[in-house]
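The values are calculated or read from the model by the stated rules, or taken from the named source; none is laboratory data. Keep in mind it's a predicted model, so treat the numbers as computed, not measured. So basically every Cβ, Gly included, is an ideal-geometry build from the backbone, and we count neighbours across all protein chains shown.
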Ligand SMILES: [Zn+2]
């Protein structure tokens, strides 16, 4: 309703949220013609070409990928032009390199590797050869759009175990740290990530002692809320906490399987 009333022309959000907004518009009986949207820039989570087509059709716009990271400037380090398929990195501000994550050596243009960024105009906190852990590639050929900024390939995963949940970067170790603060929780936990109505849902299963597990429902609710609060404070992300009996989280070779990512690609 606000986009219609204000005559918004550009939408910037995560691609999954764009699809949610498109469904909401549809539920309200709006067609793309009722909105003045022309383009959208979507990022903060990986998304497929199928998802791009869905957003473009449902909202009647041209959908573009945007890349950035909070350590550098947030969104806007690189962005797709009208040609799409790769993102121009603004190399008057950021020098991009692609390296082999194991050896640290640069790889040839076009080859996949870890994206490394050096800030050349940022003051106060410039980063030199900052390892993003994001997997991409580099194309220095002049783009069909005429721009000469090199292009990085759309992001193809990470070199570490970081998860992206509703656009928030999450390392399982951060959840572990949050759990350490809670005396009722054991360090045995599992993260189950699913998608409900196209939005990511994080369920945190935590083993508690037999004593707590057989305590009153009220006590269990208190412990769950305490854990949810600790996660919210640490990660700024809401999680559904489920307390489980001791030794119920599957372990392989004695090590718990920490993450079950059951999301289909956006
Ligand atoms: Zn271009």
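Return the residues of the stretch 104-127 that are within 24 Å of the chain's Cα centre (by Cα) and part of a strand (DSSP E or B); say none if nothing qualifies.
113, 114, 115, 116, 117, 118, 119
Among the residues of the stretch 74-108, how many are away from the ligand (no atom under 16 Å from the Cβ) and assigned by TED's automatic domain parsing to the domain that holds residue 152?
Count: 15.
What's the number of the only condition in (1) within 16 Å of the ligand (Cβ to nearest atom); (2) under 21 Å from the mean Cα position of the chain (by Cα) that residue 71 fails to meet?
Result: residue 71 fails condition (1) only.
Out of (1) surrounded by 18 or more Cβ atoms within 10 Å (Cβ to Cβ); (2) more than 22 Å from residue 16 (Cα to Cα), the odd one out for residue 122 is which?
Of (1) surrounded by 18 or more Cβ atoms within 10 Å (Cβ to Cβ); (2) more than 22 Å from residue 16 (Cα to Cα), only one is false for residue 122: (1).
Is it the case that some residue within the stretch 163-170 is modelled with pLDDT of 95 or more and either more than 16 Å from the ligand (Cβ to nearest atom) or surrounded by fewer than 17 Cβ atoms within 10 Å (Cβ to Cβ) (or both)?
No: zero hits.
Restricting to the stretch 5-15, give me the number of residues that are out of contact with any strand residue (DSSP E or B) (no Cβ under 6 Å at 6 or more places or on another chain) and within 18 Å of residue 41 (Cα to Cα).
Total satisfying the criteria: 5.
Just a yes or no: is a residue in the stretch 153-160 touching a residue at least 40 places away in the same chain (Cβ under 8 Å), within 18 Å of the chain's Cα centre (by Cα) and within 16 Å of the ligand (Cβ to nearest atom)?
yes
Could you say whether any residue in the stretch 128-143 is within 16 Å of the ligand (Cβ to nearest atom), in a loop (DSSP other than H, G, I, E, B) and under 21 Å from residue 63 (Cβ atoms)?
yes
Please specify each residue of the stretch 1-53 satisfying the condition of being part of a loop (DSSP other than H, G, I, E, B) and more than 18 Å from the chain's Cα centre (by Cα).
Result: 1, 7, 8, 9, 28, 29, 30, 31, 35, 36, 37, 38.
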